[in-house]
Each structure stands twice: as C-alpha cells, then as structure tokens.
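Chemist: I am attaching a structure below and will ask some questions about it afterwards.
Rule-based calculations on the coordinates, nothing more; no lab input. Given the structure is predicted, the values throughout are model-derived calculations rather than measurements. Ideal geometry is used to build each Cβ from the backbone, glycine not excepted, and the neighbour counts take in all protein chains shown.
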Amino acid sequence: MLIIISTSGGIGGTGLGGTEKRVETDSLDTPLREKVCDRFDPATLKTLAGSAAGLRGADRVVYHLTVIDGAGDRHRFDIPEAAMPANMLDMLDTL
Amino acid sequence: MCAICDGHARNPITCIVPPHMLEVLAIRGSKKTAAMARSLLDQTRKVRHERAEFRTGRAMLEEAGAMGGFVSTALSRAATQSNLDRAIHDGEGKAGLPGKLLRKEGDPASGDAAVDEAYDGAGNVYRLYFEAFSRDSLDGNGMKLVQTVHHRRNYNNAFWNGEQMVYGDGDGEIFQKFTELSVIGHEMSHGVVQFSGGLLYEGQSGALNESFADVFGALTVQRKLGLEAHETDWLVGKGILGPDIRGVALRSMKAPGTAYSDALLGQDPQPYHMDFFVNTTGDSGGVHINSGVPNHAFYLFAQYLGGKAWEKPGTIWYQTMQRLNNPVATFAQWAAQTVEVAIGLHGAGSLEVLFLKRAWKLVGLPV
C-alpha cells in the first residue's frame, strides 16, 4: 500500500510546509506496517472524512491523503486535522 | 415525519434546519447544541429547529432600546474586574491536548522559552481586551486561558481548537516556534470571534474571521510596545519564518502580498484590493489569502487617523464584531457595520467616519 500525504490550511494557509510525503508500507517494520495499514484503511479514512463537518476552531490543517491499495485502486480523502484522533496524528509524525 | 426526531428521543434543534443554520449553531451553540449541530451536519437529513434557541444562542443578546438589534453578551455587560487566569501545558511533542500542566496563573517563569512566551503573551492579549474594550477574557466571562506549547513533532502551525490555543515548535527550517506575540494575539482573537457570535470559517466570512485575528494580533504588539500607527511595521508572525526562508513574516497588513517570496513557500498570495480577490476552494475558500483586503483597510484607516491604533480604530473593529450578528457576513456587510459603529461613536460628519469610508473605498469596498 502506498500513502501520499500533503497538507493545506494552517495559520499561514500553506499547510505544514514542505513537499508531499510518500509512505510505502512494505518498507515499514511489521508492527508499524500493521498499525499504519489499519489506521489508513480507506474505509476508516472515509468515516473520518465524513465526520468532519462543522468542527470548531481556526487555523487548522487539512490532510490530503491518497491511498493506493494492493489492487492499484486510488482512494483520495481530505480530512481536517481536528477530525483525526491524537494517536493517528502522532503516527503521521513518525512516518 | 423527520427521521431525526421520531420516537421519544426528541431533538431540541429538531428538523428542517438548513445546513447553513446548523453551521451557525455549531459555532454559537452550547457544547451540547454544537455537538448536535455537527452530528446533524454529518447527516443529510433535514431537521426543524426551536426558534428561540436558534435566534439568541448564548453569544448574542437583544440590545435594550434598539429594535431588532443584537449585541454580544460581552458587550452588554462590560467587565470591571480582571479575572486573568492562565494555564500553560507542555504537549511533549505529542498530539494529545492539553498535555502536562507546566505553569499556572501566578507561577514564576518556568525557564522554558515557549511556555513563558505563551504565558506572558496571553497576559498581553488579555490586558488589551480588558483595558481597552472592557472584555473579561475570550468569552467575556473570565474564561481560563488554556494554551499548549511543544505540540506534536516539528509542527509548523498554531491554532485555536474552539477551547484552547495550541502552538508548535516549527521544524526549524520553514518555521521556528510559534509563540510570537502577534501569533498568540491572533489565536486568542479567534476565540473572541467565536464567543462574539462567530464568523463562519469559509469564504468571505472566514477571511473576516482571519482578518479580525490579524488586526488584534498586531494591536497586541503595538500596545505592548507603545507604538503609534506610523511607528509600527504592521507585520503578523514576524520572525517565525525559518532562517533560510526569504521573507519577514506570515502577513503584512501594510503591504499585503509582500511578506515572503520564497522557493519553498512561494509568493505571499494576499491581495490588498477587491480587484485582486482570489477565488479558490483551497484554504477554506482562501480565508488566509483574502483577509489581506480588510487587513489593509484597517491599516489605511489607522494611518489616516494616526495615534494609537488600538484606541479609535480598534474600538470600532471590536464593537463591529460585537454587534455584527451575521456569521456569514461579506466584506461589504462588515465594512457597512464598521461605518455604522463609527457613526454611533463619533458622529456622521466626523473625521473618523470620513477616513473610514475612504479606507474602505481604497480597497474596493465603497460604503
């Protein structure tokens, strides 16, 4: 599974800066790979993306996630940081 | 029958509330109401609302003696006693909030620069609102100022999450730590907007929300340094860009579009005039881009008037926010409200009103 991560928004309107990040799950150690595949499963991401309406706050970042699964299908999601659980954000920081 | 309120679990918002109203409730309602509104927004079912709860919420009250007028609760009861109460937490590089409490009100300096900057900065912002506008904290009711520093790892952002302020340390390349005074003032002012009836964080109303935060972030710095309008640089986020980034700040109110020009960050995209308004779906409809227009109008007005910008111009902007009662306001509606407030404070034929109208005209928003 390939995960492509980019951001927009934030206090500068420039996301978190930098270029997009690409994570090839096959290159991760087994325990981390399992966690990442579970967290970034397209069905899970779809649920998160659908729970994002009407969130309070300002200057929050939006994550743009493209997941290319084992069959080669692309799944694209725009998920506000505010809709993501803390442990998922911590995982994003380690990738 | 509505699918939401059938059976015994009657929803207090109840049926046929259009989505834009639910978005307002998500901003203005009590915690419970906001959660419910968000839940209803998530669904596509139509619901009805109870009129009284919708009309007043908890942020706006009917103004005594003014037919049909509304003011924020903070403006309706001016604060006489300071209730400054700060709590600074250490996020320890993780995303969980608020994190470990490191410094509470009255504690001595911690020795951690970000913690102490957040503590001192929040005090400066609190005092601006309390001493200049008689507002007791973000909600006008002594709300505790909770802040988290060292949020996540190499985190290039600061934000208001609806309940507290959060600051990253930056990655040291693109951004440095975000506990700069105008940034602290900016984030706290998002809280003031939320507790003043709110401005929907999308399109022009979102850009007004951003602009209000920039204006009062800049005014916090000016007031702390005792600078008059002509003496200050009108920069927001000065010094937070990384050492190799070509730029001076996040935004310039004096010259929108000139804060940075860098190979990595690109060109500062802010317009200074409606002719250059940017139509985009990104950044919630360009909220951090088109805020350049009202930012520049405030700058021009403050320059025309001269003196301390947090006094007359700041009071007009602050009272406009408290009286707007329109979470989906356009730039033109905001401009018209500032003129109405200025007329109330200074008179229709005053220099203040003349200069204010001239400032709006110069950014392409004649009133």
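Chemist: List the aspartates and glutamates whose Cα lies under 12 Å from the Cα of B:Lys308, skipping any in the same chain that are fewer than 8 positions away.
Modeler: Answer for B:Lys308, where 12 Å is the Cα cut-off: B:Glu228, B:Glu231, listed by chain and number.
Chemist: Normalising by the residue count of chain B, find the relative contact order in percent from Cα pairs under 8 Å and 6+ residues apart.
Modeler: Answer for chain B is 13 percent.
Chemist: For A:Ser27 and B:Glu173, what is the calculated FRET efficiency with R₀ set at 22 Å and r taken between the beta-carbons, to the nearest 0.05?
Modeler: The computed FRET efficiency comes out at 0.35.
Chemist: Something else about it: Determine the shielding of peptide B:242-253 by partner chains: average, over its residues, the number of Cβ atoms on other chains within 10 angstrom of each Cβ.
Modeler: 1
Chemist: For the stretch B:163-178, what does the Karplus curve 6.51 cos²θ - 1.76 cosθ + 1.60, with θ = phi - 60°, yield as ³J(HN,Hα) per residue in whole Hz, taken in order and with x for Gly and Pro?
Modeler: Running phi through 6.51 cos²θ - 1.76 cosθ + 1.60 with θ = phi - 60° gives 9, 7, 9, 9, 10, x, 8, x, 8, x, 10, 7, 10, 9, 4, 9 Hz.
Chemist: Which pairs in the list B:Lys32/B:Lys144; B:Lys94/B:Lys144; B:Lys31/B:Lys177; B:Lys31/B:Lys144 are over 25 Å apart, alpha-carbon to alpha-carbon?
Modeler: In this structure, B:Lys31/B:Lys177 exceed 25 Å between Cα atoms.
Chemist: Please compute the Kirkwood hydrodynamic radius of the stretch B:86-192 from all pairs of different C-alpha atoms, in Å with one decimal.
Modeler: Computed over the stretch B:86-192, the radius equals 13.6 Å.
Chemist: Give the Debye-formula value of log10 I(q)/I(0) at each listed q (0.09, 0.11, 0.12 Å⁻¹), with one equal scatterer per alpha carbon of the protein assembly as shown, two decimals each.
Modeler: The Debye formula, applied to the Cα set alone, gives -0.59, -0.89, -1.06.
Chemist: Can I ask one more? Taking springs between alpha-carbon atoms closer than 10 angstrom, which of B:Lys254, B:Lys104, B:Lys31 fluctuates most in the Gaussian network model of chain B?
Modeler: Of B:Lys254, B:Lys104, B:Lys31, the Gaussian network model singles out B:Lys31 as fluctuating most.
Chemist: Between B:Ala309, B:Ala87, B:Ala113, which gets the highest mean-square fluctuation from a Gaussian network model of chain B, Cα cutoff 10 Å?
Modeler: B:Ala113
Chemist: What relative contact order, as a whole-number percentage, does chain A give when Cα pairs under 8 Å and 6 or more residues apart are counted?
Modeler: Taking the mean separation of contacting Cα pairs over the length of chain A, I get 32 percent.
Chemist: Report the per residue volume, in Å³, of the convex hull enclosing the C-alpha atoms of the stretch B:231-339.
Modeler: Each residue corresponds to 119 Å³ of Cα convex hull volume.
Chemist: Let me ask something else. Hey, got the dipole for the stretch B:223-281? About the Cα centre, +1 on K and R Cβ, -1 on D and E Cβ, debye to the nearest 20?
Modeler: Approximately 180 debye in magnitude.
Chemist: Which value, in nm² and rounded to one decimal, describes the direction-averaged projected area of the C-alpha convex hull of the stretch A:2-94?
Modeler: Averaged projected area of the stretch A:2-94's Cα convex hull equals 6.1 nm².
Chemist: Would you please state the base-10 log of I(q)/I(0) at q = 0.27, 0.29 1/Å for the stretch B:290-334, with intensities from the Debye formula using one equal scatterer on every alpha carbon?
Modeler: -1.06, -1.12
Chemist: Placing unit charges on C-beta atoms (Lys and Arg positive, Asp and Glu negative, everything else neutral), compute the dipole magnitude of the protein assembly as shown about its Cα centre in debye, rounded to 20.
Modeler: So the dipole magnitude of the protein assembly as shown works out to roughly 1340 debye.
Chemist: Also, quick follow-up: Kirkwood-based Rg over Rh for chain B (C-alpha set), two decimals?
Modeler: Across chain B, the Cα-based Rg/Rh ratio is 0.97.
Chemist: Of the candidates B:Arg153, B:Arg251, B:Arg28, which one comes out as most mobile in a Gaussian network treatment of chain B with C-alpha springs shorter than 10 Å?
Modeler: The residue with the greatest mean-square fluctuation here is B:Arg153.
Chemist: Here's a follow-up. Could you calculate the FRET efficiency of A:Arg74 with B:Asn279 from 1/(1 + (r/R0)^6), where r is the beta carbon distance between them and R0 is 25 Å, rounded to 0.05?
Modeler: Step by step, r from the Cβ atoms, then E = 0.35.
Chemist: Treat every Asp and Glu Cβ in the stretch B:233-348 as -1 and every Lys and Arg Cβ as +1, leave all other atoms uncharged, and give the resulting dipole magnitude about the Cα centre to the nearest 20 debye.
Modeler: 280 debye
Chemist: Shifting gears a bit: How high is the FRET efficiency from B:Arg127 to B:Leu97, r the C-beta distance, R0 25 Å, rounded to 0.05?
Modeler: Calculated transfer efficiency: 0.50.
Chemist: How much length is gained if the chain between B:Leu264 and B:Ser350 is pulled fully straight, taking 0.36 nm per residue apart and subtracting their Cα-Cα distance, in nm to one decimal?
Modeler: 26.3 nm
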